[in-house]
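Every number here is computed from the coordinates shown, using simple stated rules; none is lab data. Just so we're clear, the structure is a prediction, and the values are computed from it rather than from any experiment. Here the Cβ positions follow ideal geometry from the backbone for every residue, glycine too, while neighbour counts run over all protein chains shown.
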Amino acid sequence: MVEKQPNMAVDTHVFRVSKRIGLVSQKASTPLAVEKELVKNIDPSLIHKAHHWLILHGRYTCIARNPKCRECGLQQACQWFQKNQFALY
């Protein structure tokens, strides 16, 4: 059996969502920098699941142009929401 490596492919959804929520610093300006921070801060057994969660969240809720913050269950934890909530409502 091949053991899963604690790697996380960083596409546009993962990049955007992880920075908006605050899972990585705003200084992480490349996909590699974002991956390194995520891998460092997420339990290795959850990295593959977290990758899919971030992609799906970015695809359906935290979309690029008009994020659906009103529907989002991460409002309390999301740095972007906390910073922009008054402009959103």
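Mean residue ellipticity at 222 nm from the helices of the chain, using -39,500 (n - 2.57) per DSSP H segment of n ≥ 4 over the full residue count, to the nearest 500 deg cm²/dmol?
Counting only the DSSP helices, I get -15500 deg cm²/dmol.
Would you please name the trypsin sites (Lys or Arg not before Pro) within the chain that are DSSP coil residues with at most 15 other C-beta atoms within 10 Å of their C-beta?
4, 27, 65, 68
Could you check which residue among 61, 30, 12 shows the biggest mean-square fluctuation in a GNM of the chain with a 10 Å Cα cutoff?
30
Measuring from label point to label point, each 7 Å out along Cα→Cβ, what is the residue 53 to residue 27 span in nm?
Inter-label distance under the simple model: 2.6 nm.
May I ask for the angle, rounded to the nearest 10°, between helix 31-41 and the longest principal axis of the chain, with both axes built from Cα atoms and the value confined to 0 to 90°?
On a 0 to 90 degree scale, this one is about 80.
At 0.36 nm per residue, and after removing the present C-alpha to C-alpha distance, how many nm does the segment from residue 39 to residue 65 gain when stretched out fully?
6.7 nm
What percent of all Cα-Cα pairs in the stretch 12-88 falls in each 10 Å bin, counting up from 0?
19, 54, 26, 2
Based on Cβ point charges of +1 for Lys and Arg and -1 for Asp and Glu, what charge dipole magnitude is obtained for the stretch 12-88 about its Cα centre, in debye rounded to the nearest 20?
Approximately 240 debye in magnitude.
Just to confirm the number: angle between the C-alpha axis of helix 12-21 and the first principal axis of the chain, 0 to 90 degrees, nearest 10?
Long axis of 12-21 versus the principal axis of the chain: about 60 degrees.
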